[in-house]
Amino acid sequence: MRLRVEFTTEPFDLDEAPAHAVVAREVIQSAELDAVDVGPFGNTAEGGADEVLTAVDCLLRRALASGATRVSLQVNVIGEEGR
C-alpha cells in the first residue's frame, strides 16, 4: 500500500522557520520516501505504508520535543505498492 502524508506544525513564524518546523522537514527529507514537497505552509510526501508510518512517528515525536504545540496531518491511501 502507498500512502501520502500532508502535515503542518505550529506555531507559525513568518520571519524564520521555527525549530519544530525545521526538524519535521529534516525527518521527512531524510526518510525513505519519494515525491517529497516541503513549503512554508504545508508539506507532503509519498511512499510505502511502512516508510510513511515510520516517518510520521518520528516526525510527531521530534516536532513536539522541539516546541511544536500542534501538528496537523492527513494520511491518504493512494494506491497499492508496485502498481
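The values are calculated or read from the model by the stated rules, or taken from the named source; none is laboratory data. Only a predicted model underlies this, so the values are computations on that prediction, with no experimental measurement involved. Positions of Cβ are backbone-derived with ideal geometry, glycine not excepted, and every protein chain shown enters the neighbour counts. Each accessible area value is taken on the protein alone, full model and side chains, heavy atoms only, with ligands, DNA and RNA left out. Shrake-Rupley method; radii C 1.70, N 1.55, O 1.52, S 1.80 Å.
Determine one quarter of the surface area of the Cα convex hull of the chain, which equals its mean projected area, and express it in nm² to one decimal.
With every direction weighted equally, the projected area is 4.8 nm².
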Relative contact order for the chain, counting Cα pairs under 8 Å that sit 6 or more residues apart, in percent:
49 percent
Which is the longest stretch in the chain that no exposed loop site breaks, taking sites as GluC sites (Glu not before Pro) with a DSSP loop state and at most 11 other Cβ atoms within 10 Å?
33-79
Can you tell me the dipole magnitude for the chain around its Cα centre, using point charges on the Cβ only (Lys, Arg +1; Asp, Glu -1), in Debye to the nearest 20?
200 debye
Accessible area (Å², per residue) of the chain, counting only protein heavy atoms and a probe of 1.4 Å:
61 Å²
Region 28-53 scanned against label point 7 Å out from GLU6 along Cα→C-beta; backbone N under 17 Å for 35-47
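Rounded to the nearest percent, how much of the accessible area of the chain (1.4 Å probe, protein heavy atoms only) is carbon and sulfur?
Within the chain, the accessible surface is 48 percent carbon and sulfur.
At 0.36 nm per residue, minus the direct Cα-Cα distance, what do LEU14 and THR54 gain on full extension? Give it in nm, one decimal, please.
Length gained between LEU14 and THR54: 11.5 nm.
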